[in-house]
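**Student:** The structure that follows is given in the form of structure tokens.
The values are calculated or read from the model by the stated rules, or taken from the named source; none is laboratory data. If you're wondering where the values come from, they're calculated on a predicted model, not measured in any experiment. For neighbour counting, all protein chains shown are included, and Cβ atoms are generated from backbone atoms with ideal geometry for every residue, glycine included. Side chains included, ligands, DNA and RNA excluded: accessible areas come from the protein's heavy atoms. Shrake-Rupley method; radii C 1.70, N 1.55, O 1.52, S 1.80 Å.
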Amino acid sequence: MKIGTIASHSALNIISGAKAEGFHTQLYCRPNRIPFYKSFGLEDSIVEVDSFEQILEMDLSDVVLIPHGSFVTYIGAQKLLNSDLRLFGNKELLRWEENRKLKSKLMVEAGFTVPKEYSSLGEINGPVIAKTHGAAGGRGYFVAKNTDWAKEKMNPSVDYILQEYIVGTKVFVTYFNSLTRNRTEVFSADIRYETDIDSSLRFNDEPTFTVIGNLPLVLRESILAEYFDMGVAFVEAFHRLCNQKIPGPFCIETVIDREQQIYTFEFSGRIVAGTNVWIPSSPYSYLQHGEPVWMGRRIAIEIRELIEQNQLDEVLK
Ligand code: AMP
């Protein structure tokens, strides 16, 4: 049994973690990035591919694939869902994540406070963020202070999602849901650093939200406790709605306002790049495990325990 992933996003995190746990690894890598991954000592893992989509045609029956953000970007959710790839994660959750209505339904079921969504301009009663479908890096989004401003900005031929704009601090919290240990672990927190919304000097109201990197964040312990409860509630809500478990990593994406109200605007049902900040360990994972454990390693530990408990095939279904 090997652990594999495509060479992008959090591949260094995943492959190094699998190696630390003694797994054979495969890193599907496009030619131009081979020198980069070799420079991290991963030459024995590299399997050269011309495009990431090529993994759909390969025989990977002895590989547990760890999906990350680039899988959906480069291969597409539908192709992944229709494939026989042995993905570590919940495929149904991936479907819910892809669909705006289902996504909101799950967040509400978990008891999260979510930004209001307006169905028309007339309903707007404060700052608003207008999002376009499938925008890369938020290009085409705009923020507006009020209805009049929003009306002026809107392109009549574009179908926008109008959402309450929450002024506050972005907080991205990652979790690991362990089936073998029957517990939800809060793994880490980070801030997504986005250009050009995060620049201190900005002269327009059409910022972009392209993620450049992530900054580490250690939360006040009382706030961390709230996020822990949210992680547990998320796993339970998905179980209530789908009667399925969530194996492994997920992320809850929030903004906290000045009243310290946590608003959740997104989630990811897989490893996120924010966990790259926490190699070789997050403070929380260190406390939970008593040794340095980064997300890639945490995943490999779980896979090893699932194999030992004869549960892996069930989880990969
Ligand atoms: P999204 O395309 O929904 O992932 O949003 C891209 C970025 O926009 C996020 O990373 C946040 O920085 C920001 N954002 C999204 N929704 C909101 C909101 N309701 N209030 C404030 N900022 C938001």
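**Student:** Say the cut-off is 28 Å between C-alpha atoms; which of Lys101/Lys170; Lys38/Lys245; Lys19/Lys103; Lys19/Lys91; Lys103/Lys317 go over it?
**Tutor:** Lys38/Lys245; Lys19/Lys103
**Student:** Add +1 for every Lys or Arg and -1 for every Asp or Glu among the other residues with Cβ under 14 Å from the Cβ of Arg181, and state the total.
**Tutor:** On the way: positive: Arg183, Lys245, Arg298, Arg304; negative: Glu185, Glu302, Glu305, Glu308.
Neighbour charge sum, excluding Arg181 itself: 0.
**Student:** Moving on to the next point. Placing +1 at every Lys and Arg Cβ and -1 at every Asp and Glu Cβ, with all other atoms neutral, what dipole size does the range 117-164 have around its Cα centre, in debye to the nearest 20?
**Tutor:** Charge dipole, the range 117-164, about its Cα centre: 200 debye, nearest 20.
**Student:** Convert each backbone phi in the range 148-154 into a coupling constant with the Karplus relation 6.51 cos²θ - 1.76 cosθ + 1.60 (shift: θ = phi - 60°), then list the ³J(HN,Hα) values in order as whole Hz, x for Gly and Pro.
**Tutor:** In residue order, the calculated couplings are 4, 4, 4, 4, 4, 7, 5 Hz.
**Student:** Further question: Counting only heavy atoms of the protein chains, get the accessible area per residue of the chain (1.4 Å probe) and round it to a whole Å² value.
**Tutor:** On a per-residue basis, 48 Å².
**Student:** Follow-up question, since we're still on this one. Mind telling me which of Pro115, Pro207, Pro31 comes out most flexible in a GNM of the chain, alpha-carbon contacts under 10 Å?
**Tutor:** In this elastic network of the chain, the residue with the biggest mean-square fluctuation among Pro115, Pro207, Pro31 is Pro31.
**Student:** Using 0.36 nm times the number of residues separating Ala136 and Glu152, minus their current alpha carbon distance, what extension gain do you get?
**Tutor:** 3.5 nm
**Student:** Ok, one more. Is it possible to state the helix-based mean residue ellipticity at 222 nm for the chain, with each DSSP H run of 4+ residues giving -39500 (n - 2.57), the sum divided by total residues, to the nearest 500 deg cm²/dmol? What is it?
**Tutor:** About -9000 deg cm²/dmol.
**Student:** In addition: Work out, step by step, the length gained on full extension between Ala20 and Leu121: first 0.36 nm times the residue separation, then minus their alpha carbon distance; give nm to one decimal.
**Tutor:** So the extension gain works out to 31.0 nm.
**Student:** Here's something else I'd like to know. For the charge dipole of the chain, defined by +1 on Lys and Arg C-beta atoms and -1 on Asp and Glu C-beta atoms about the Cα centroid, which residue among Ala150, Leu94, Gly41 has the Cα displaced farthest towards the positive pole?
**Tutor:** Toward the positive end, the furthest listed residue is Ala150.
**Student:** Using +1 on the beta carbon of Lys and Arg, -1 on that of Asp and Glu, and nothing else charged, what's the dipole of the chain about the Cα centre, debye to 20?
**Tutor:** Charge dipole, the chain, about its Cα centre: 120 debye, nearest 20.
**Student:** Now for a separate question. How compact and how long is the chain, expressed as Rg and Dmax of its alpha-carbon atoms in Å?
**Tutor:** Cα only, the chain: 20.0, 61 Å (Rg, Dmax).
**Student:** Let me ask something else about it. Which of Ala150, Ala300, Ala237 moves the most in a Gaussian network model of the chain with Cα springs under 10 Å?
**Tutor:** Largest GNM mean-square fluctuation: Ala150.
**Student:** Oh, and also: What lysines could a cross-link reach from Lys153, if we take a straight Cα to Cα line under 18 Å and drop same-chain neighbours fewer than 8 places away?
**Tutor:** Answer for Lys153, where 18 Å is the Cα cut-off: Lys131, Lys145, listed by chain and number.
**Student:** If you don't mind, another one. Using only Cα atoms, find the angle between the long axis of helix 221-242 and the longest principal axis of the chain, and express it within 0 to 90 degrees, rounded to the nearest 10.
**Tutor:** Compared with the principal axis, the helix lies near 80 degrees.
**Student:** Quick one: putting +1 on the C-beta of Lys and Arg, -1 on the C-beta of Asp and Glu, what dipole do you get for the range 119-276 around its Cα centre, in Debye to the nearest 20?
**Tutor:** 420 debye
**Student:** How far, in nm, would the chain grow between Glu109 and Gln261 when pulled straight, counting 0.36 nm per residue and subtracting the alpha carbon separation?
**Tutor:** So the extension gain works out to 52.9 nm.
**Student:** Then there is this: Express the carbon and sulfur contribution to the solvent-accessible surface of the chain as a percent, rounded to the nearest whole number, probe 1.4 angstrom.
**Tutor:** The C+S portion of the solvent-accessible surface of the chain is 49 percent.
**Student:** How high is the FRET efficiency between Asp62 and Glu308 when r is their beta carbon distance and R₀ equals 22 Å, given to the nearest 0.05?
**Tutor:** Efficiency computed from Cβ-Cβ geometry: 0.80.
**Student:** Could you tell me which of Leu312, Val167, Val64 has its Cα farthest along the dipole of the chain towards the positive end, charges placed at Cβ (Lys, Arg +1; Asp, Glu -1), taken about the Cα centre?
**Tutor:** Projecting each Cα onto the dipole axis, the largest value belongs to Val167.
**Student:** A follow-up question, please. How about the range 231-317: which GluC sites (Glu not before Pro) there lie in a loop by DSSP and see at most 15 other Cβ atoms within 10 Å?
**Tutor:** Taking the range 231-317 and a limit of 15 other Cβ atoms within 10 Å, the loop GluC sites (Glu not before Pro) found are Glu259.
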